[in-house]
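Trainee: Please find one structure pasted underneath; my questions will follow.
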Amino acid sequence: MLTEDVLAVNEHLLRCVELAEEALAAGDAPFGSVLVDAQGKRLREDGNRVNSRDKT
């Protein structure tokens, strides 16, 4: 069971890295986050989007 938990966490961490890479490619700071419930279901995810906002 522990091995499955570690694999699931690694999957979520890799998704954070993907989101960070997408943010960096868009000219933003490289941050990604994933919100996961107690069962390991991904509830929300997002990357940094500072440059996509209207700066006026």
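Where a number appears in this text, it was derived from the coordinates with a stated rule and is not lab data. This structure is a prediction, so every number in the text was calculated from the model and none was measured. For neighbour counting, all protein chains shown are included, and Cβ atoms are generated from backbone atoms with ideal geometry for every residue, glycine included.
Trainee: Taking the mean number of other Cβ atoms within 10 Å as a proxy for protection, how do you rank 27-35, 4-12 from highest to lowest?
Mentor: Final packing ranking: 27-35, 4-12.
Trainee: Report the net charge of residues surrounding Pro30, where surrounding means a beta-carbon distance below 15 angstrom and charges are Lys +1, Arg +1, Asp -1, Glu -1.
Mentor: Charge balance near Pro30 sits at -4.
Trainee: Starting from the Cα-Cα distance between Ala25 and Arg42, subtract it from 0.36 nm times their residue separation and give me the gain in nm to one decimal.
Mentor: 3.8 nm
Trainee: Among (1) 42, 20, 16; (2) 50, 18, 9; (3) 51, 19, 12, find the value of Cα extents along the principal axes in Å that was calculated from the structure presented, and write down its label.
Mentor: Calculated Cα extents along the principal axes in Å: the matching label is (2).
Trainee: What is the angle, in °, between the Cα long axis of helix 2-25 and the longest principal axis of the Cα atoms in the chain? Nearest 10 is fine, range 0 to 90.
Mentor: 10
Trainee: Relative to the Cα centre, what is the charge dipole magnitude of the chain, using +1 at the beta carbon of each Lys and Arg, -1 at the beta carbon of each Asp and Glu, and rounding to the nearest 20 debye?
Mentor: 260
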